[in-house]
Amino acid sequence: MTAARSFVFLIPSYQPTDILLGLTEELRRASSAPVVIVDDGSGAGYAPIFERVRQMAGVTVLTNAVNLGKGAALRHGMNHILVHHPDCVGVVTADADGQHAVTDVLRVAEALQAEPDRVAFGVRAFDAQVPLRSRFGNTASRHIYRFLIGINLSDTQTGLRGIPKRLMELCLTIRANRYEFETEQLVVIKTNRMPVQEIPIQTIYIESNRDSHFRPLRDSARIYFVLLRYSIASVVTEMADLAVFATAMTASGDLVWSNVIGRLVALWVQFMLLQSFVFRLRGGAGTLAMYLGLVVVSGVISTALQLQIANVVPFPVVAKVMAEVLVFVFNFLFLRDFVFGRADDAARD
């Protein structure tokens with residue numbers, strides 16, 4: 001049983017080098033906190049390294065039979081820690097490839113201990129010394145995450161994170177197994193309104209990050225597919241709305257009532273998608289009330305725009321599409337920040 005306000009270091013590792021040994025030794029010398037290392041199916045050739053860290057006092061090594069991915073390794077470690085260290089305030093995750101200086105890992109740990117309800121991110125400075133693929137990836141993802149998730153982080157891909165116990169529990173339900181797990185974690189942070197803070201850390205790339213197991217094309221595709229579900233849900237909703245609208249217009253010729261019928265169907269489709277597919281958050285009566293209010297307001301605005309556009313464009317469906325495009329961004333931002341989140345970014349230092 002760990003003491004109150006204690007924490008645990010968690011290091012997912014796949015086919016590590018001796019860097020893992022040095023990192024673990026330094027952490028054990030610098031802190032009394034236990035260390036949990038997850039061998040993510042590295043294979044027999046790496047058993048000697050894991051055996052050596054297993055012999056260190058205060059170190060636990062968990063093993064996946066096959067390589068399941070970084071997300072699965074983190075989830076395995078979090079579950080173990082929640083079971084065997086139930087009184088800890090959270091975990092500090094660090095990469096096994098030497099990208100994080102021990103002094104920085106300890107600073108993130110101190111931040112977590114000081115404010116155990118706030119997520120701490122160790123953020124790097126992406127200057128000209130950083131490999132181009134990492135610099136470009138972080139810049140792109142920072143802006144994409146800001147728009148789609150509504151969380152503004154300087155370093156969205158950092159593996160050095162101070163994760164509160166509550167977030168650990170929520171992370172166990174994330175289905176993603178690989179690098180996209182950390183993106184899903186950001187969505188969980190946003191939808192559960194968890195405050196975050198950023199801790200500046202050193203930017204370390206050993207031999208241009210040659211030993212990293214991140215595969216730019218495949219793993220980036222997985223990460224951004226997580227974000228694409230926002231757009232997918234919107235497209236599906238619009239298709240349902242348009243299909244019902246077109247059918248009703250053909251039958252009745254009444255633009256206003258056709259819009260009402262289409263909007264009612266779209267309301268049900270979108271709310272189900274937002275809860276189960278996009279934000280993955282089961283809202284209560286307040287969430288539903290805000291959502292219905294947005295539907296009414298945006299429906300009135302959209303219909304008014306359509307009536308104006310219809311005076312110029314003779315095709316009702318085209319007029320509807322043009323109007324919906326105009327209100328799309330407003331709807332998305334309102335849903336993201338007010339209905340399933342909050343308007344301001346989580347408080348940051």
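All but one of (1) in contact with a strand residue (DSSP E or B) (Cβ under 8 Å, 6 or more places away or on another chain); (2) open to solvent by 70 Å² or more (accessible area, probe 1.4 Å) hold for residue 66; which doesn't?
Just one mismatch for residue 66, condition (1).
Assess whether residue 117 counts as being in contact (Cβ under 8 Å) with a residue 12 or more places away in the chain, among the acidic types (Asp, Glu) and crowded, with 19+ Cβ neighbours inside 10 Å.
So residue 117 does not fit the description; no.
Give me the pairs, please: first residue somewhere in region 284-307 and open to solvent by 70 Å² or more (accessible area, probe 1.4 Å), second residue anywhere and of a type in the set (Val, Ile, Thr) and at pLDDT below 75, beta-carbon distance under 6 Å, and either six or more positions apart or on two chains.
Final answer for the pair search is 290/339; 301/327.
Check region 98-111 and report whether any residue there is buried (at least 22 other Cβ atoms within 10 Å of the Cβ) and either modelled with pLDDT under 85 or assigned to a strand (DSSP E or B) (or both).
no
How about region 233-253: which of its residues are open to solvent by 60 Å² or more (accessible area, probe 1.4 Å) and either modelled with pLDDT under 75 or more than 34 Å from the chain's Cα centre (by Cα) (or both)?
Within region 233-253, 247, 250, 251, 252 meet the criteria.
Testing residue 48 on (1) surrounded by fewer than 16 Cβ atoms within 10 Å (Cβ to Cβ); (2) in contact (Cβ under 8 Å) with a residue 12 or more places away in the chain, one condition comes back false. Which one is that?
(2)
For residue 268, all conditions in the list (1) open to solvent by less than 50 Å² (accessible area, probe 1.4 Å); (2) over 13 Å from the mean Cα position of the chain (by Cα); (3) modelled with pLDDT of 70 or more hold save one; what is the number of the exception?
Tallying (1) open to solvent by less than 50 Å² (accessible area, probe 1.4 Å); (2) over 13 Å from the mean Cα position of the chain (by Cα); (3) modelled with pLDDT of 70 or more, residue 268 fails exactly one: (1).
Within region 146-162, is even one residue farther than 22 Å from residue 107 by Cβ, in contact with a Leu (Cβ under 7 Å, 6 or more places away or on another chain) and at pLDDT below 80?
yes
Out of 77, 71, 90, which single residue is open to solvent by less than 20 Å² (accessible area, probe 1.4 Å) and on the phi > 0 side of the Ramachandran plot?
On the way: 77 fails: on the phi > 0 side of the Ramachandran plot; 71 fails: on the phi > 0 side of the Ramachandran plot.
Residue meeting the stated conditions: 90.
Tell me which of these residue 84 doesn't satisfy, since it passes every other one: (1) closer than 16 Å to residue 35 by Cβ; (2) in contact with an Asp or Glu (Cβ under 7 Å, 6 or more places away or on another chain); (3) open to solvent by 10 Å² or more (accessible area, probe 1.4 Å).
Unmet for residue 84, out of (1) closer than 16 Å to residue 35 by Cβ; (2) in contact with an Asp or Glu (Cβ under 7 Å, 6 or more places away or on another chain); (3) open to solvent by 10 Å² or more (accessible area, probe 1.4 Å): (2).
Step by step: first the residues of region 16-73, then only those that are assigned to a loop (DSSP other than H, G, I, E, B) and of a type in the set (S, T, N, Q), then the one that is farthest from the chain's Cα centre (by Cα). Which residue is that?
55
Which of the following residues is within 20 Å of residue 167 (Cα to Cα) and either open to solvent by less than 10 Å² (accessible area, probe 1.4 Å) or in contact with a strand residue (DSSP E or B) (Cβ under 9 Å, 6 or more places away or on another chain) (or both): 53, 36?
Residue meeting the stated conditions: 36.
The values are calculated or read from the model by the stated rules, or taken from the named source; none is laboratory data. The structure presented is a predicted model; accordingly, all values stated were derived computationally and were not measured. Don't worry about glycine lacking a Cβ; one is built from the backbone with ideal geometry, like all the others, and counts go over all protein chains shown. Keep in mind that these areas ignore ligands, DNA and RNA; they rest on the heavy atoms of the full protein, side chains included. Shrake-Rupley method; radii C 1.70, N 1.55, O 1.52, S 1.80 Å.
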